[in-house]
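*Asks:* Have a look at this one.
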Amino acid sequence: MVRMSAAERRESVIRAATTEFARGGYYGTSTEAIAKRVGVSQPYLFRLFPGKKAIFLAAAERCVEETTRMFAEASEGLEGEEALHAMGVAYRKVVSEQPERLMMQMQMYLAVAAAEQEGDHEFGEAVRAGWMRLWDTVHVPLGADVNETTTFMAYGMLINCLVAMGFPPEHRVWAGMEPPKAAEGQP
C-alpha cells in the first residue's frame, strides 16, 4: 500500500470536508465525520489543519476557486452574450453533475451569517473575498457591465435556491428562468 503525503492527505480532507459540510453545514458537521470519511484519526486531521474553522475555510476556498476557474475557462476568448451563454451552460452542468459544490456554496453563506452573529467577522471576510473573485471573473467577460453581472449572479442564486429545495426541472417554477436575451444555458 502506497502511503499518501501530507499534501495528498490534506487534499483528501478538503474533498471529504466539502461533501460533509455540503450535507450538514458548518455547525452540523463534526470533525469526526470528516476524519472518518478520509480514513484518518481526528488527531491526524488536526495535524493537517488547526481546527474545524480552518477545514471549512479551505473547503469554501476550494469551492470558490473551482467555480471561478469554471467560469474563466467557459468564457475564455468570449465576451458579452457569448460569454454569458457559455458560463451559464457550464454552471448548469456543474450544478447537475456536482451537487455537493452547489450545496457547499449554500452552506458557506449560512455559515457566514451564523459566524457574524457570534462576532466572528474573519470568517465572513474570507468568504466574501472569495465571492468577490467570483464576481470579478464573471464581470469582465460581461463587458464590466454591473447590470449584466448582477442579473447573471441573481439568476445563479435563484437556480441555487431552486435546486437546493429540490424542485425538479419540469416544475413550473423553472418556467420564468429564461432571461430575455440569452435564454439557453443562463444560470
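*Asks:* Between GLU81, GLU8, GLU32, GLU76, which is loosely packed, with under 13 Cβ neighbours inside 10 Å and either under 26 Å from ASP136 (Cβ atoms) or touching a His at 6+ places or on another chain (Cβ under 9 Å) (or both)?
*Replies:* When all the criteria are applied, what remains is GLU76.
*Asks:* Test of understanding: among ARG92, ARG128, ARG133, ARG101, which residue is open to solvent by less than 70 Å² (accessible area, probe 1.4 Å) and basic (Lys, Arg)? Spell out the reasoning first.
*Replies:* Values: ARG92 fails: open to solvent by less than 70 Å² (accessible area, probe 1.4 Å); ARG128 fails: open to solvent by less than 70 Å² (accessible area, probe 1.4 Å); ARG133 fails: open to solvent by less than 70 Å² (accessible area, probe 1.4 Å).
Going through ARG92, ARG128, ARG133, ARG101 in turn, just one is open to solvent by less than 70 Å² (accessible area, probe 1.4 Å) and basic (Lys, Arg): ARG101.
*Asks:* Now a separate question. Is it the case that segment 145-153 has a residue that's at pLDDT 90 or above, more than 21 Å from ARG62 (Cα to Cα), assigned to a helix (DSSP H, G or I) and of a type in the set (Phe, Trp, Tyr)?
*Replies:* Yes, because at least one residue in segment 145-153 is at pLDDT 90 or above, more than 21 Å from ARG62 (Cα to Cα), assigned to a helix (DSSP H, G or I) and of a type in the set (Phe, Trp, Tyr).
*Asks:* Looking at segment 6-15, can you tell me whether even one residue there is closer than 22 Å to GLY124 by Cα and either within 15 Å of the chain's Cα centre (by Cα) or touching a residue at least 60 places away in the same chain (Cβ under 8 Å) (or both)?
*Replies:* yes
*Asks:* From GLU32, GLU81, GLU100, grab the single residue that is without any contact (Cβ under 8 Å) to a residue 12 or more places away in the chain and in a helix (DSSP H, G or I).
*Replies:* That would be GLU32, the only listed residue that is without any contact (Cβ under 8 Å) to a residue 12 or more places away in the chain and in a helix (DSSP H, G or I).
*Asks:* Quick one: TYR26 ticks every box in (1) open to solvent by less than 70 Å² (accessible area, probe 1.4 Å); (2) assigned to a helix (DSSP H, G or I); (3) not hydrophobic (A, V, I, L, M, F, W, C) except a single one, so which number is it?
*Replies:* Among (1) open to solvent by less than 70 Å² (accessible area, probe 1.4 Å); (2) assigned to a helix (DSSP H, G or I); (3) not hydrophobic (A, V, I, L, M, F, W, C), the lone unmet condition for TYR26 is (2).
*Asks:* Does segment 40-56 contain any residue that is aliphatic (A, V, I, L, M), within 20 Å of the chain's Cα centre (by Cα) and crowded, with 22+ Cβ neighbours inside 10 Å?
*Replies:* Looking through segment 40-56, at least one residue is aliphatic (A, V, I, L, M), within 20 Å of the chain's Cα centre (by Cα) and crowded, with 22+ Cβ neighbours inside 10 Å.
*Asks:* If you take the residues of segment 112-125 that are of a type outside the set (Gly, Ala, Ser) and in contact with a helix residue (DSSP H, G or I) (Cβ under 6 Å, 6 or more places away or on another chain), which of them is most open to solvent (accessible area, probe 1.4 Å)?
*Replies:* GLU116
The values are calculated or read from the model by the stated rules, or taken from the named source; none is laboratory data. Quantities reported herein were computed from a predicted structural model and do not represent experimental measurements. So basically every Cβ, Gly included, is an ideal-geometry build from the backbone, and we count neighbours across all protein chains shown. Heads up: the accessible areas ignore ligands, DNA and RNA and are worked out on the full protein's heavy atoms, side chains in. Shrake-Rupley method; radii C 1.70, N 1.55, O 1.52, S 1.80 Å.
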